[in-house]
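The values are calculated or read from the model by the stated rules, or taken from the named source; none is laboratory data. Computed from a predicted structure; not experimentally measured. Here the Cβ positions follow ideal geometry from the backbone for every residue, glycine too, while neighbour counts run over all protein chains shown. Heavy atoms of the whole protein, side chains included, go into the accessibility calculation; ligands, DNA and RNA do not. Shrake-Rupley method; radii C 1.70, N 1.55, O 1.52, S 1.80 Å.
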Number of protein chains: 2
Amino acid sequence: MQREEFFESLKRKGYRLTGRRKEIVDFLLSQTDRYITAKELIEHLQKRHPTLSFETVYRNLHTLRDEGFIEESRFAGETRFRIPCCPTHHHHFVCISCGRTYVMDHCPMPAVEDIPEGFTVLQHRFEIFGICAGCRQGREIPDWAESRTPTEVTSSTCPKH
Amino acid sequence: MQREEFFESLKRKGYRLTGRRKEIVDFLLSQTDRYITAKELIEHLQKRHPTLSFETVYRNLHTLRDEGFIEESRFAGETRFRIPCCPTHHHHFVCISCGRTYVMDHCPMPAVEDIPEGFTVLQHRFEIFGICAGCRQGREIPDWAESRTPTEVTSSTCPKH
DNA sequence: AATTTAATCGTAATGATTATCATTTAAGAC
DNA sequence: GTCTTAAATGATAATCATTACGATTAAATT
């Protein structure tokens, strides 16, 4: 979603286009290929705008999330946010070292056949966590990743984005 | 995994079988069909053992997690833990109302074919969130669930556990 | 029973997130 | 352009989950 489109959409929903809101959205739009933490966002924006408050950042992130504009994920012990890189439904390979996400075409839901009657599906989450090629060189695998029940999976070729 | 087996395994890894550890594991073993929060665990155990400290609970949960004995998930704004209901690899339908989990046979990993060369897969996460039949009656869908980008998925039949 | 050291307790500290309320400011009306 | 008003913000304090610390307890081994 492009910047102007994004702001139009916010406005249509009755939100005001404040300076802060625009700064926050602009930064998110500049980072659509990875998840960022609230802290990263604040630190980045406070360089130019020292008076920016935590409250404002969290309030905006949650507003955007609740309106479906941003995705939230949590890994390596931190909650992270991002604006989806593209509007179509998809899942990610997430690099736990740099937070970058790589689009995967596959969605598991069509193959799920054992949801019983009376159960309501609201959401699903499918993410593969690992180390991307860029981070592979020169970085160790973080402790938290090695220490948890790993999944032995053999993989194959070629991402996107 | 049964109780004695569990304790044996802990002991083999060099951990002591303390009273607190056993109480914590026993409670987890009594709740293998759902995720519980650290708070729930503490509140339950403090009824009988008022001196139980937060420190001990968190330390044990993390020890158990790091040794691969318990799974961690986060939804509805809270971090939750559980001992897997069975040792084979599987994923869950998670009821966001009661936290109960229902085993699904399907694992999406074999169908994933677009992981590029140089990328290392460490883990994957596939969860379906929704409302189970039991909770469907008499409960509303929580706010947090309705407010996020929902996934429109049609489903079919019959869970386990 | 004595020894060793992991595990625990109690408390304080940390870090992330949320609440309060006075003040500011975007958006629409005039 | 000015006025109005309600949303958004900033500053601060509060809350909540989680972690750290140092003294004490107790499991496991001798």
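Kindly indicate whether A:Thr56 is in contact with a helix residue (DSSP H, G or I) (Cβ under 7 Å, 6 or more places away or on another chain) and among the β-branched types (Val, Ile, Thr). Answer is yes for this residue. Checked against (1) within 15 Å of DNA strand D (Cβ to nearest atom); (2) at the interface with chain A (Cβ under 7 Å from one of its Cβ atoms); (3) aromatic (Phe, Trp, Tyr), B:Phe93 passes all but condition (1). Looking across region B:44-77, the residues that are within 27 Å of A:Leu122 (Cβ to Cβ), more than 11 Å from DNA strand C (Cβ to nearest atom) and of a type in the set (D, E, K, R) come down to B:Arg65, B:Glu71, B:Glu72. Contact annotation: residue pairs with Cβ atoms under 8 Å, 6 or more positions apart or on different chains, pairing a residue in region B:30-59 that is in contact (Cβ under 8 Å) with a residue 40 or more places away in the chain and within 25 Å of B:Cys85 (Cα to Cα) with a partner that is within 11 Å of DNA strand C (Cβ to nearest atom) and in a helix (DSSP H, G or I), are B:Ala38/B:Phe54; B:Ala38/B:Val57; B:Ala38/B:Tyr58; B:Ala38/B:Leu61; B:Leu41/B:Ile24; B:Leu41/B:Val57; B:Leu41/B:Leu61.
Here is a check on your reading of the model: is B:Tyr35 within 11 Å of DNA strand C (Cβ to nearest atom) and at pLDDT 90 or above? Taking the combined requirement at face value, the residue does not satisfy it.
If you go through region A:81-96 and keep only what is surrounded by 15 or more Cβ atoms within 10 Å (Cβ to Cβ) and over 16 Å from B:Gly77 (Cα atoms), you end up with A:Arg82, A:Ile83, A:Pro84, A:Cys85, A:His90, A:His91, A:His92, A:Phe93, A:Val94, A:Cys95, A:Ile96. Meeting the requirement of 3 or more residues that are modelled with pLDDT under 90, the strands (runs of 3 or more DSSP E) wholly within region A:67-130 are A:71-75. Scan region A:97-108 for residues that are out of contact with any Lys or Arg (no Cβ under 6 Å at 6 or more places or on another chain) and open to solvent by 10 Å² or more (accessible area, probe 1.4 Å) and the total you get is 5. Taking region A:43-55 as the range and being surrounded by 15 or more Cβ atoms within 10 Å (Cβ to Cβ) and within 19 Å of the chain's Cα centre (by Cα) as the test, the residues that pass are A:His44, A:Leu45.
Just one of (1) in the same structural domain as A:Gly134 (by TED's automatic domain parsing); (2) closer than 30 Å to A:Cys135 by Cβ fails for A:Asp114. It is (2). Restricting attention to region B:71-90, the residues that are touching a residue at least 40 places away in the same chain (Cβ under 8 Å) and within 9 Å of chain A (Cβ to nearest Cβ) add up to 3. Is it the case that A:Glu78 is under 14 Å from the mean Cα position of the chain (by Cα), of a type in the set (D, E, K, R) and surrounded by fewer than 15 Cβ atoms within 10 Å (Cβ to Cβ)? Yes.
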